[in-house]
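The values are calculated or read from the model by the stated rules, or taken from the named source; none is laboratory data. Here the structure is a predicted model, which is why all the values come from computation and not from measurement. Virtual Cβ from ideal backbone geometry, glycine too; neighbours counted across all protein chains shown. Please note that ligands, DNA and RNA were not included when accessible areas were found on the heavy atoms of the full protein model with its side chains. Shrake-Rupley method; radii C 1.70, N 1.55, O 1.52, S 1.80 Å.
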Amino acid sequence: MGVSVLLVNPNQMKPAIAPLGLEYLAEALDIHGLGVEVLDLCFEPDAQKALASAVDGGEFGLVGITVRNTDDCYLATQQSFIPHITEVVGWVREYTNAPVVLGGSGFSVSPSGILRRTGADFGVVGDGEIPLVRLANCVAEDAVTDEYCAQNPGLAMRRNGTVIINPPTWESFGQLPLRRRWLDNKRYFAEGGQAGIETKRGCPRKCIYCGDRHSKGRDVRTRPAIAAAREIMTLLEQGIDYLHTCDSEFNIPGYHAEAVSRELIRLGLADNLHWYAYCTPRPFTAKMAQAMAQAGCVGINFGADNGDERILQRLGRWHRPDDIRNAAKLCKDNGIACMFDLLLGGPGETEESVRATIELMKELEPDCVGVAVGIRIYPGTPMERIVRREGYTSANPNLRGQLEDNDDMVMPVFYLTAELGDGIFELLKDLIGDDRRFFFGGAPDESVDYNYSDHQPLVEAIRDGARGAYWDILRKMNA
């Protein structure tokens, strides 16, 4: 057997969200004959003590730490998680000489900057299963040479004072048997109210702000529908009957969404299952909506972004206002709860486009609407290029957040067009009024706190038995 790997979840926020990626990585390491243990700090009262105990109890040749998100993505709070990741890396250094490798969606969006800031030795960009297995085997053989580092796709590393990033190769993970046995999923369900699952990876869309193309790939790689359904069956057998898809967009491609739904129906799982999905307003057909509803889908969060066609074009979105209308209608026709997420204040946003967006939402009467102001700027995206052209300096009136010592944009930086500025908050308050279906995320004095990071009312609701997507729990609480 090769080197043993300790996989660490540093996230202690509540409600508790299970680190899905660590389960998938643990399966891959185990299948390839490598020793693996998972240290989940989420429920530990003393995280440093728990890490010290875990390292002392085993001889690990490699320690992996997941970076799910770099920050909370909210203009009002701008809470970065990187200082905590850096702290955890420092703890590892105290108790073992084993190299530290970072990975996860958050890491993949800004690998160079995060490696520099945290001091970790390695990172994995994109899919982690195969690169982590390769790295663990090389560590076991003491073969981590410059030649090895240069030749392995998806590997990031600090070498000779510089950071080297090898582009990932996006490999299929569809045949990996995912038994969901590496975490305390029952406790996560009791304290987090839902479980996650991936039915595919990758996204072909070209939204100007999104980092998913860096963390999950530009081409969609679907899992066999039967494999996804069997993983869901495994969770149901553990008593977990509320799930949320973690795909970038569940309905891209549409045929795969329908295939997964049909498989859930064929296996007889739909009657005992409640699941939610992230979707784009297009494609969303009557056939798809019906299949998803019959398969147990009870709620869909659509990334609508805006109700103005001109702004949708500028954001690189493929849907138009009529697609949003169609999605709302089909959800109502099929008894699926519907949420539209808005992202306001980007390039070209005006008072007129904001008014058009809120008026469209009121016209369609979805179950709830998430309203976020300000676009988080991630490196490598078209938004970064827009900002660099405008000037990435404090003199740029469109920028909010930490600009000093943050050229890599690891710390939160947001775009809020100066044409609206802080006036957008008063405008939205006037337009929304007392309509409690609107979750005004990103406002300095949010009427409904739509930031799930350390959300005490959600924690209490889940403790009292609420289950499902957090937006659905909140809208029921707020009714």
Checklist entry - Given Thr199, Gly370, Pro15, which one lies farthest toward the positive end of the charge dipole of the chain, if we put +1 on the Cβ of every Lys and Arg and -1 on the Cβ of every Asp and Glu? => result Thr199
Checklist entry - How many percent of DSSP beta bridges within segment 181-327 run antiparallel, rounded to 5? => result 15 percent
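Taking the Cα centre of the chain as origin, work out the dipole magnitude from +1 charges on Lys and Arg Cβ and -1 charges on Asp and Glu Cβ, in debye rounded to 20.
On the way: 49 positive and 67 negative charges, 247 e Å.
Roughly 1180 debye for the chain.
Under 20 °C and 1.002 mPa s, how fast does segment 174-306 diffuse according to Stokes-Einstein, given a Kirkwood radius computed over C-alpha pairs? Answer in µm²/s, whole number. Kindly include the intermediate steps, with their values, before the conclusion.
Details: Rh = 15.1 Å.
Rounded to a whole number, D works out at 142 µm²/s.
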Checklist outcome for this item: Amide H proximity to Ile208 below 5 Å, modelled H, separation 5+ or other chain, gives Gly316
Next on the checklist: How far apart, in nanometres, would the label points at Thr162 and Arg320 be if each is projected 7 angstrom from Cα along the Cα-to-Cβ direction?
Outcome noted: 4.8 nm
Item to check | Additional length obtainable on full extension of the chain from Lys206 to Arg389, 0.36 nm per residue less Cα span | outcome: 64.0 nm
Checklist entry - What spacing in nm lies between the two simple spin-label points modelled at Asp405 and Tyr148, each 7 Å away from Cα in the Cβ direction? => result 3.4 nm
Item to check | Label-point separation in nm, Ile265 to Gln294, each point 7 Å along Cα→Cβ | outcome: 0.2 nm
Next on the checklist: I'd like the carbon and sulfur percentage of the solvent accessible area for the chain, probe radius 1.4 Å, heavy atoms only, ligands and nucleic acids excluded.
Outcome noted: 47 percent
Next on the checklist: Please report the spacing between the Cα centers of segment 1-59 and segment 331-397 in Å, no decimals.
Outcome noted: 36 Å
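Ignoring everything except DSSP H segments at least 4 long, calculate the 222 nm mean residue ellipticity for the chain; use -39,500 (n - 2.57) per segment, divide by total residues, nearest 500. Show your work: numbers first, answer last.
Details: 19 runs with 182 residues, N = 479.
About -11000 deg cm²/dmol.
Ignoring ligands, DNA and RNA, what accessible area per residue does the chain give at 1.4 Å, in Å²?
Numbers: 19020 Å² over 479 residues.
Per residue, the chain has 40 Å² of solvent-accessible surface.
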Checklist outcome for this item: Going residue by residue through segment 177-187, the Karplus relation 6.51 cos²θ - 1.76 cosθ + 1.60 with θ = phi - 60° gives ³J(HN,Hα) values, rounded to whole Hz and with x marking Gly or Pro, of x, 9, 8, 6, 10, 9, 10, 7, 5, 5, 5
Item to check | Residues in segment 228-255 reached by a label modelled at Thr285 [backbone nitrogen below 14 Å; 7 Å Cα→Cβ] | outcome: 251-255
Item to check | Cut-off under 5 Å, modelled amide H: who pairs with Cys297 long-range | outcome: Trp275
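Roughly what % of DSSP beta bridges within segment 328-422 run antiparallel, to the nearest 5? Could you put the intermediate results ahead of the total?
Working: 5 of 11 bridges.
Taking every DSSP beta bridge with both residues in segment 328-422, the antiparallel ones total about 45 percent.
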Item to check | the chain: Cys lacking any partner C-beta under 4.7 angstrom | outcome: Cys42, Cys73, Cys138, Cys149, Cys203, Cys246, Cys279, Cys297, Cys368
Checklist outcome for this item: segment 23-155: spread of alpha-carbon positions along the three principal axes, whole Å, largest first, is 47, 33, 25
Checklist outcome for this item: Contour minus Cα-Cα span, Glu59 to Ala418, at 0.36 nm per residue, comes to 123.8 nm
Checklist entry - So what are the ³J(HN,Hα) numbers for segment 264-278, from phi and the Karplus equation (6.51, -1.76, 1.60; θ = phi - 60°), rounded to whole Hz, Gly and Pro as x? => result 5, 5, 4, 7, x, 8, 4, 5, 10, 10, 10, 9, 10, 9, 8
Item to check | Tilt relative to the chain, helix 82-95 - C-alpha long axis, 0 to 90 degrees, to 10 | outcome: 20 degrees
Next on the checklist: Under the rule of at least 5 residues apart or a separate chain, name every residue whose amide H is placed under 5 Å from the amide H of Asp408.
Outcome noted: none
Checklist entry - Regarding segment 229-274, what are the three Cα extents along the principal axes, ordered largest first, in Å? => result 29, 21, 15
Checklist outcome for this item: Rounded to the nearest 5, the percent of DSSP beta bridges in the chain running antiparallel is 25 percent
Checklist entry - To the nearest 10 degrees, how steeply does helix 20-31 sit against the main Cα axis of the chain, on a 0 to 90 scale? => result 30 degrees
Item to check | Tally of Lys pairs whose C-alpha atoms are under 19 Å apart, taken over the chain, 8 or more apart or cross-chain | outcome: 10
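Assuming R0 = 35 Å, can you tell me the calculated FRET efficiency for the pair Glu351 and Met477, based on Cβ-Cβ distance, to the nearest 0.05? Walk me through the numbers on the way to the answer.
Values: r = 31 Å, r/R0 = 0.90.
The pair Glu351/Met477 has a calculated efficiency of 0.65.
What net charge is computed for the residues neighbouring Ser4, neighbours being all others with C-beta under 13 Å from the C-beta of Ser4, Lys and Arg scored +1, Asp and Glu -1? Working shown, then result.
Values: positive: none; negative: Asp30, Glu37, Glu59.
Result for the neighbourhood of Ser4: -3.
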Item to check | Extreme residue, positive dipole direction of the chain, given options Cys297, Pro382, Thr70 (C-beta unit charges) | outcome: Cys297
Checklist entry - What residues of segment 113-132 lie in the reach of a label at Asp219, counting those whose backbone N is under 15 Å from a point 7 Å from the Cα along Cα→Cβ? => result 127
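Hey, what's the Cα Rg ratio for the chain versus the globular rule of thumb, 2.2 N^0.38 Å? Don't skip to the answer; put the middle values down first.
Values: Rg = 22.0 Å, N = 479, 2.2 N^0.38 = 23.0 Å.
For the chain, the normalised Cα radius of gyration is 0.96.
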